[in-house]
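Asks: I am attaching a structure below and will ask some questions about it afterwards.
What follows is calculated from the coordinates using simple rules that are stated; it is not laboratory data. Everything numeric here is computed off the predicted structure, so don't read it as measured data. Glycine also receives a Cβ, built like all others from the backbone with ideal geometry; neighbour counts cover every protein chain displayed.
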Amino acid sequence: MLRLPDDIVEKAGASHGAISTRELRALNMAPAMQRRRVEAGLIELPLRGVAVIKDLADRFTPVAALQLRYPDLVAERRTAAVIFGLDGFKGPGPVPLDLVDVRHVRPPAAAGVPPIRIHPIPAKAIVTYDGLRTTTPTWTIGELGAVPALDVDTIELALESALHLGLTTEGKLRRVTTTRTGPDWPGTAVLAEALSRRRPGDPPTESYAETRFLQLVVRPLELEDPERQVPVQVGGRRNPYRCDFVFRRSRPLDIEIDGKDAHATEFGRDHDYERDHHVRRVGFEIVRFGAWRIEHKPAEIRHRLLLELLAGT
């Protein structure tokens, strides 16, 4: 029975199942041996000089294979956002192939090779992340607005999650808006609009659903954005609780955004009950909104929020 040696599996596993045929030969798999494994369905040859171990392939394999074939290709824009796992770019399905050649040499047209953008990118703006060469998170977010299909809501989702994950800082993103200007940087204006939605120094939202609450509920009501991630100290507890959002009124209103993963378990519900009990004791009103309902029934959530705000006036 044909199999693949462990050293080949280890090498290909570090690059999403892609490995060059030259590397296969260096690991003692001669061309005839490669052909037999192709015929057996263990290996595919998507590009000249590149092999893919089928059992190791994932959604990033096309990117890894292209970068093996053309070493000057760098993932950018949507591709980079997916690689970093930014909100607005998660989910199953093929990864969009936004690739830039930083050497100014366009790869020849060939089967399996998407359109390649030619643009200079400084070396300091390129990193290796999860085995793939990609623009840095800061550079990536600054360029996302150049993709015609992307709106400012999506850019905001990406930048808030990048801030939450510690991949960049607000200061770095704001510097992009002052240093990358003009017709060569079409994404900068969209980034500037997304940044204008947050007060300077605001903590990032901590989930996709929290950002969507602002986009789908708060702003359509023409309300000022609430305070974010507000610490609440209660007696007998060393670390403060934290409110997702707080609207200030006679009794401050704590808005908690409940995702299904953290709040659906018995432990999660018990923690929420205990937490809410103590936060109420120090003078807060609390309302919880589910992430699914925010996304799919925002008008209902807007109505409930207005009622809560009016009740506290």
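Asks: Under 10 Å, Cα contacts only: if you run a Gaussian network model on the chain, which one of R117, R78, R251 comes out with the highest mean-square fluctuation?
Replies: Most flexible of the set in this elastic network: R251.
Asks: Please give the charge dipole size of region 6-58, origin at the Cα centre, charges +1 on K and R Cβ atoms and -1 on D and E Cβ atoms. Round to the nearest 20 debye.
Replies: About 320 debye.
Asks: So what are the ³J(HN,Hα) numbers for region 193-207, from phi and the Karplus equation (6.51, -1.76, 1.60; θ = phi - 60°), rounded to whole Hz, Gly and Pro as x?
Replies: 5, 5, 5, 5, 7, 10, 5, x, x, 4, x, x, 5, 10, 6
Asks: Mind putting a number on the dipole of region 68-197 about its Cα centre? Charges go on the C-beta only, +1 for Lys and Arg and -1 for Asp and Glu, and I need it in Debye to the nearest 20.
Replies: Its charge dipole is roughly 420 debye.
Asks: I've got another one for you. State the Cα centre-to-centre distance between region 42-56 and region 111-178 in whole Å.
Replies: Region 42-56 and region 111-178 have Cα centres spaced 29 Å from each other.
Asks: Another question, if that's okay. According to the square roots a ≥ b ≥ c of the eigenvalues of the Cα gyration tensor, what is the shape class of region 177-313, taking rounded for a/c under 1.5, prolate for a/b larger than b/c otherwise, and oblate for the remainder?
Replies: Prolate, since a/c reaches 1.5 and a/b exceeds b/c.
Asks: Let a ≥ b ≥ c be the square roots of the eigenvalues of the Cα gyration tensor of region 6-58; is it rounded (a/c under 1.5), or, if not, prolate (a/b larger than b/c) or oblate?
Replies: Rounded is the answer for region 6-58, as its axis ratio a/c remains below 1.5.
Asks: If you work out Cα Rg over 2.2 N^0.38 Å from the coordinates, which of [x] 1.05; [y] 0.99; [z] 1.25 do you get?
Replies: Only one listed value fits the structure, namely [z].
Asks: Can you flag which of K11/K260; K90/K124; K11/K90; K11/K172 are past 30 Å Cα-Cα?
Replies: Pairs exceeding 30 Å: K11/K260; K11/K172.
Asks: Would you pull out the residues with amide H under 5 Å of Q229's amide H, same chain only if 5 or more places away, H placed 1.01 Å from N?
Replies: When sequence neighbours closer than 5 places are left aside, the close amide H contacts are F245.
Asks: Near the amide H of V102, under 5 Å away, which other amide H atoms are found, from residues 5 or more places off or on another chain, if H is placed in the peptide plane?
Replies: When sequence neighbours closer than 5 places are left aside, the close amide H contacts are V74.
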